[in-house]
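Enquirer: One structure is given below, represented as structure tokens, and several questions about it will come after.
The values are calculated or read from the model by the stated rules, or taken from the named source; none is laboratory data. Keep in mind it's a predicted model, so treat the numbers as computed, not measured. Backbone-built Cβ (ideal geometry, glycine too); neighbour counts: all protein chains shown.
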């Protein structure tokens, strides 16, 4: 008689169970990483708009309007809206808020408003 080689049914079931456990553990970690990546991208874009604001002030020698600020922001799908600068981060549209005072307490309401402070998404 020739002896057959291979895995037993119990060994195969154990491998499947172990893979299922590893998958159940890994899935929440990857979901959390996606959320953290989105938050980091939002912080980065807020920082980019703040840097653009500083460049605009230096270039114009005055505070820019929301429309002028938008032209200084690098990236695709950047739009001036009344309440700030609208940015597209990985398919999610967010608005970086702009304010008419240096304390960041009075939001802009029109694209022609002067921007004295830039907030965070």
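Enquirer: Which one of 78, 89 is under 14 Å from the mean Cα position of the chain (by Cα), touching a residue at least 40 places away in the same chain (Cβ under 8 Å) and surrounded by 13 or more Cβ atoms within 10 Å (Cβ to Cβ)?
Expert: Working: 78 fails: touching a residue at least 40 places away in the same chain (Cβ under 8 Å).
The match here is 89.
Enquirer: Another question, then. Of (1) under 17 Å from residue 43 (Cα atoms); (2) modelled with pLDDT of 95 or more, residue 62 satisfies all except one. Which?
Expert: (1)
Enquirer: Select, from 32, 59, the only residue that is in a helix (DSSP H, G or I), more than 17 Å from the chain's Cα centre (by Cα) and surrounded by 10 or more Cβ atoms within 10 Å (Cβ to Cβ).
Expert: On the way: 32 fails: more than 17 Å from the chain's Cα centre (by Cα).
Exactly one of 32, 59 is in a helix (DSSP H, G or I), more than 17 Å from the chain's Cα centre (by Cα) and surrounded by 10 or more Cβ atoms within 10 Å (Cβ to Cβ), namely 59.
Enquirer: Scanning region 92-121 for residues that are assigned to a loop (DSSP other than H, G, I, E, B) and touching a residue at least 60 places away in the same chain (Cβ under 8 Å), which turns out surrounded by the most Cβ atoms within 10 Å (Cβ to Cβ)? Let's see the steps before the verdict.
Expert: Within region 92-121, the first condition is being assigned to a loop (DSSP other than H, G, I, E, B), and the residues that meet it are 100-106, 108-113, 115-116, 119-121.
Narrowing the set further to residues that are touching a residue at least 60 places away in the same chain (Cβ under 8 Å) leaves 115, 119-121.
Working: 115: 25, 119: 17, 120: 13, 121: 20.
So, considering only residues that are assigned to a loop (DSSP other than H, G, I, E, B) and touching a residue at least 60 places away in the same chain (Cβ under 8 Å), the one surrounded by the most Cβ atoms within 10 Å (Cβ to Cβ) is 115.
Enquirer: Follow-up. How many of the residues in region 43-56 are crowded, with 16+ Cβ neighbours inside 10 Å, over 12 Å from residue 116 (Cα atoms) and in contact (Cβ under 8 Å) with a residue 40 or more places away in the chain?
Expert: 3
Enquirer: Determine, yes or no, whether residue 26 is exposed (fewer than 10 other Cβ atoms within 10 Å of the Cβ) and over 20 Å from the mean Cα position of the chain (by Cα). Walk me through how you get there before you give the answer.
Expert: Values: exposed (fewer than 10 other Cβ atoms within 10 Å of the Cβ): no; over 20 Å from the mean Cα position of the chain (by Cα): yes.
Against the criterion (exposed (fewer than 10 other Cβ atoms within 10 Å of the Cβ) and over 20 Å from the mean Cα position of the chain (by Cα)), residue 26 does not qualify.
Enquirer: Can you confirm whether residue 15 is touching a helix residue (DSSP H, G or I) at 6+ places or on another chain (Cβ under 9 Å) and assigned to a helix (DSSP H, G or I)? Break it down into steps so the answer makes sense when it comes.
Expert: Values: touching a helix residue (DSSP H, G or I) at 6+ places or on another chain (Cβ under 9 Å): no; assigned to a helix (DSSP H, G or I): yes.
So residue 15 does not fit the description; no.
Enquirer: Look through 44, 75 and report the one residue that is in contact with a strand residue (DSSP E or B) (Cβ under 9 Å, 6 or more places away or on another chain), modelled with pLDDT under 95 and in a helix (DSSP H, G or I). Break it down stepwise before answering.
Expert: On the way: 75 fails: in a helix (DSSP H, G or I).
Exactly one residue qualifies, and that residue is 44.
Enquirer: Moving on. Need the failing condition index for residue 103 against (1) touching a helix residue (DSSP H, G or I) at 6+ places or on another chain (Cβ under 7 Å); (2) within 11 Å of residue 117 (Cα to Cα), just the number.
Expert: Only one criterion is unmet by residue 103, namely (1).
Enquirer: Looking at the structure I just gave you, is residue 70 in a strand (DSSP E or B) and either touching a residue at least 24 places away in the same chain (Cβ under 8 Å) or surrounded by 11 or more Cβ atoms within 10 Å (Cβ to Cβ) (or both)?
Expert: Working: in a strand (DSSP E or B): no; either touching a residue at least 24 places away in the same chain (Cβ under 8 Å) or surrounded by 11 or more Cβ atoms within 10 Å (Cβ to Cβ) (or both): yes.
No, not satisfied.
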